[in-house]
Structures are given as structure tokens and as C-alpha cells.
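Notes follow once the structure below has been shown.
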Amino acid sequence: MTRDKATRAIHGRKDNLYRGANFPIYTSTTFAVEKSDDYDKFIGDEEEFYIYSRYSNPTVRNVEEKIAALENAEDAIVFSSGMAAITSAVLAFAKKGDTIVALRRLYGMAYRFLRDILPGLGVNVEFVDETDLYRAHKNFSNVRLYYFETPINPTTDCISIEKTVHSARKAGALTIMDNTFASPVNQNPLDLGVDVVVHSATKYIGGHSDIMAGAVASSRKLTKAVRDMLKAFGGCINPSDAYMLDRSLKTLAVRVEQQNRSAQRIAQFFLRQKKVLDVCYPGLPSSKSYKVAKKQMTGFGGMLCIELDSLASAKKFCDSLELGLNATSLGGVETLVSIPVLTSHIKMSPEELKSANVTEGMVRISIGLENTDDLILDFKNALGKI
Ligand SMILES: Cc1ncc(COP(=O)(O)O)c(C=O)c1O
């Protein structure tokens with residue numbers, strides 16, 4: 001019997017020694033062998049054999065198993081940050097001479113990694129918009145990877161996972177998708193044919209703005225290649241942070257479901273405000289992403305984006321909020337607002353901003369767990385100050 005996600009996120013490994021309700025933190029960096037011959041198990045990559053925490057650790061493994069279950073994956077690997085997960089996943093598969101087809105509109109640092117660092121390693125990166133992504137198999141050769149995200153940061157536009165996977169399969173390429181904005185509660189890309197899912201677990205999975213973490217979920221065969229990168233680059237998570245992540249996972253489903261409900265009401269509120277020129281939220285039937293989001297997501301998420309008439313108005317709005325914190329990041333229990341041109345999309349040329357659909361008056365909002373009416377009042381007051 002496959003249990004519901006909420007249940008799977010609560011019940012992981014058992015503390016068989018003392019029957020504690022929580023799985024303990026194994027702080028040890030090293031684990032002794034009973035006999036020297038036991039090292040043969042390490043050579044054989046045996047899963048339950050721990051020798052050194054950069055490779056694997058029981059507390060971390062408990063979280064990895066839960067994330068794998070939430071993403072309907074055979075396996076998962078937890079990292080010290082989302083970028084450690086992304087860079088390790090990409091470098092596990094892209095080699096010198098390969099081409100990566102990447103969506104042009106991506107989380108800013110992932111974009112910069114692909115744009116600035118990979119070419120130096122001999123990897124050719126072709127940035128495309130979504131329609132060219134769907135037909136990239138016709139336009140590029142030697143493609144090893146497709147890299148994309150949906151909903152897209154910061155606009156929350158959604159692109160078709162099905163069409164992207166279709167093109168990648170025709171090209172004989174693997175797909176890596178960043179599922180951070182949706183969280184595993186609202187979207188499971190592996191079910192739709194994606195090969196590798198990456199997360200900034202700093203966001204919804206951590207959920208309290210107090211843990212930096214990342215995750216990769218995929219088949220056993222592919223995660224093995226990614227774990228080799230973890231071992232080599234050393235982007236392992238600290239077991240104490242992994243324990244915090246385990247605690248966060250237990251409430252992930254209830255948090256995200258409430259954030260979905262609240263974001264939907266708040267998006268509808270913004271639609272009625274004259275000073276708001278545009279509202280981007282995949283759950284609005286008027287949104288251009290609604291149809292595709294409805295097809296591939298089970299909830300529309302807690303992220304939305306509004307457009308005001310200028311950077312000055314965006315600043316005034318953010319600075320006038322009493323509840324919403326003017327801070328980068330997302331997915332926490334507290335509502336966060338940020339101006340993409342000052343944060344995630346800083347240092348991008350006007351052309352790059354245009355193709356990312358990012359404007360100066362844009363404000364990205366991550367809805368937290370505050371009372372929805374309190375948030376609406378806060379947003380209303382701040383709009384009144386513009
Ligand atoms: C969509 C997305 N992916 C990846 C990352 C990177 O994650 P981290 O900051 O945990 O390295 C972020 C960070 O903001 C993000 O928003």
C-alpha cells in the first residue's frame with residue numbers, strides 16, 4: 001500500500017535502540033568497522049555501511065529516504081544547499097564537448113552557473129525560451145541534458161513538463177528539473193518523465209528560514225553518479241541540519257496546503273487592486289499558466305508575483321509592509337517579499353531581464369503561514385502608501 005505524502009514525511013527510520021519518536025542525530029564524522037575486512041562493503045557501495053559522513057550518514061540517510069518517497073523516486077541525496085545539489089547533478093552528467101539546452105528563465109544563480117562556469121569546462125550551453133525548449137531536439141545536436149524549472153522564478157510562469165520531456169527523449173538527453181517552487185507536495189516531475197529532480201531544500205522543505213539544504217531525487221542508477229559528485233565536491237549537509245530538515249518534513253504537507261490556500265486568496269485580492277498592473281499566479285484562471293499548471297500540479301503553490309508601475313513603487317510597497325519581510329528567499333513560515341532586479345536577478349543586462357520577463361516594478365511574494373486576512377490588510381496598507 002502506498003501511503004499519503006503527509007504520512008511518508010512523518011514516518012521514516014525508527015530509533016530501534018530506545019524507541020524514541022524521533023530518529024536521532026548521528027554527529028559522528030567517522031564510523032568504526034568491526035573488522036578490517038568490512039571495508040569490502042564500502043568498496044561494494046553497500047548502502048547501510050557508514051564509514052565517513054561526507055559520503056553518507058544515518059541521520060542524513062533518513063531524510064534522503066523521506067525525500068525520495070515524497071518525490072516518488074528510487075533514491076535521493078541531500079546536500080548543504082540547493083546550489084550544491086544543482087551543480088553536483090549537472091556535473092554528474094555533463095562532460096566536455098556535451099551540449100546542455102537550458103531554459104533561459106531560471107533561478108539567477110543556476111543561470112549564472114550555466115552561463116559563466118560550464119563553458120570554461122568545455123560544456124556548450126544553449127539558452128532557449130520555452131517554445132524552443134519543446135523543439136530543441138530539432139535544433140541542436142549532441143545534447144546531453146535539458147535543464148529547466150517550473151514554476152519559474154520569479155514570475156511563477158509554468159512550462160509544460162510533458163513537452164520538455166518529449167523533446168529531451170527525442171534528443172536522447174536527460175532532463176534535470178528544479179522543483180523548488182512547487183515542493184514535492186504540489187508537483188512530482190519524475191511521475192511525468194523527468195529524470196532528475198533538484199530542490200533548494202532551504203525553501204519549502206526546510207520551511208522556517210533556518211536551514212540551508214538541497215536535494216536531488218532520481219533513479220538509483222542516476223543518483224549513484226550524483227553521489228560521486230557529493231563525495232568529490234564535498235557538498236554534504238551537517239547531520240544537525242539534516243535532523244532539522246527531518247523535523248521540517250513532518251509538517252511539509254500541512255504548511256504547503258495552507259500556503260496554497262492563502263496564496264490563492266491573496267492573488268485574487270491583488271487582481272482587484274488598481275495599483276497592481278499584473279498578478280502572476282498559476283492558480284488564477286486568467287493566468288496564461290493556469291492550463292498547464294492544472295495539468296501537472298496538484299496545488300498551485302505559495303509563490304506569486306505582482307507588477308507595480310516602477311522600481312520606486314516596488315521599493316515603497318516592500319518598505320511599507322509590517323508583516324511581510326523584505327528579504328530574499330522563499331518557502332518559509334513568514335511571508336517574504338523581494339524585488340527580483342535587486343536580488344535574484346541582480347547584475348543582469350536589460351536584454352537578459354527582458355527575456356526573463358522580469359521588470360523593475362516586479363515584486364515576488366512568498367506567502368507564509370500568517371493569517372490570510374492579516375496579510376491582505378498588510379498588503380492593502382502598503383499599496384496605499386505608494
Ligand atoms: C528556484 C531555486 N532553485 C535553487 C536555489 C538555490 O538554492 P540555495 O540557496 O539553497 O543554494 C534557489 C535559491 O533561491 C531557488 O530559488
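Kindly state, to the nearest 0.05, the FRET efficiency for L121 paired with R247, given R0 = 45 Å and r defined as their beta-carbon distance.
Numbers: r = 37 Å, r/R0 = 0.83.
The computed FRET efficiency comes out at 0.75.
When N counts the residues of region 285-386, how does its alpha-carbon radius of gyration compare numerically with 2.2 N^0.38 Å, as a ratio? Don't skip to the answer; put the middle values down first.
Working: Rg = 14.2 Å, N = 102, 2.2 N^0.38 = 12.8 Å.
Relative to the rule-of-thumb radius for its length, region 285-386 sits at 1.12.
Please determine, in degrees from 0 to 90 and to the nearest 10, the orientation of helix 58-70 with respect to the longest principal axis defined by the Cα atoms of the chain, where the helix direction is its Cα long axis.
Rounded to the nearest ten degrees, it is 50.
Which lysines, if any, have their Cα less than 21 Å from the Cα of K295, not counting same-chain residues under 8 positions apart?
List returned: K5, K163.
At 7 Å along Cα-to-Cβ for each site, give me the label-to-label distance between D45 and K288 in nm.
The modelled label-to-label distance comes out at 4.3 nm.
Suppose the chain between S355 and K138 were pulled fully straight at 0.36 nm per residue; how much longer would it get relative to their current alpha carbon spacing? Working shown, then result.
Values: separation 217, 0.36 × 217 = 78.12 nm, distance 2.18 nm.
Separation in residues times 0.36 nm, less the Cα-Cα distance, equals 75.9 nm.
Take every Cα pair under 8 Å in the chain that's 6+ residues apart, average their separations, divide by the length, and report that relative contact order as a whole percent.
17
Among the DSSP beta bridges whose two residues both lie in region 5-249, what percent are antiparallel, rounded to the nearest 5?
Working: 11 of 28 bridges.
The answer is about 40 percent antiparallel.
If the cut-off is 17 Å between C-alpha atoms, which lysines fall inside it for K203, apart from same-chain ones fewer than 8 positions away?
K66, K250
Compute the helix-to-body angle for 311-320: its Cα long axis versus the longest principal axis of the chain, expressed 0 to 90° and rounded to tens.
Roughly 70 degrees, rounded to the nearest 10.
Step through the residues of region 3-20 one at a time and calculate ³J(HN,Hα) from phi using the Karplus curve (6.51 cos²θ - 1.76 cosθ + 1.60, θ = phi - 60°), rounding each to whole Hz and writing x for Gly and Pro.
7, 5, 4, 4, 6, 5, 6, 8, 9, x, 5, 9, 7, 6, 6, 10, 6, x
Please find, in a Gaussian network model of the chain (springs between Cα atoms separated by less than 10 Å), the residue of V216, V337, V254 whose mean-square fluctuation is greatest.
Fluctuation is largest for V254.
M362's amide H: which non-local residues (gap 5+, or another chain) put their own amide H closer than 5 Å, with H modeled 1.01 Å from N in plane and none for Pro or chain starts?
L308
Under a plain spin-label model, where a point goes 7 Å from the Cα along Cα-to-Cβ, how far apart in nm are A21 and R169?
Between A21 and R169, the simple spin-label model gives 4.5 nm.
Which whole-Hz couplings ³J(HN,Hα) result when phi for each residue of region 148-155 is put into the Karplus expression 6.51 cos²θ - 1.76 cosθ + 1.60, θ = phi - 60°, listed in order with x for Gly and Pro?
Working through the residues one at a time gives 7, 9, 7, x, 7, 7, x, 7 Hz.
With θ set to phi - 60°, apply the Karplus curve 6.51 cos²θ - 1.76 cosθ + 1.60 along region 193-209 and write out the HN-Hα couplings as whole Hz, x wherever there is a Gly or Pro.
Calculated HN-Hα couplings, in order: x, 5, 8, 9, 9, 10, 9, 8, 6, 4, 8, 5, 5, x, x, 10, 6 Hz.
Taking 7 Å along the Cα-to-C-beta vector as the label spot, tell me the M109-Q258 distance in nanometres, rounded to one decimal.
Those two pseudo-labels are separated by 2.8 nm.
Calculate how large, on average over all directions, the projected area of the Cα convex hull of the chain is; give the answer in nm² to one decimal. Mind showing how you got there, number by number?
Numbers: hull surface 79.3 nm².
Here the figure is 19.8 nm², rounded to one decimal.
Computed from the coordinates by the stated procedures, all read-outs in this text should not be read as laboratory data. Worth saying up front: this structure is predicted, and the values here are computed from it rather than measured. Because the Cβ atoms are built from the backbone with ideal geometry, glycine has one as well, and the counts that use them run over all protein chains shown.
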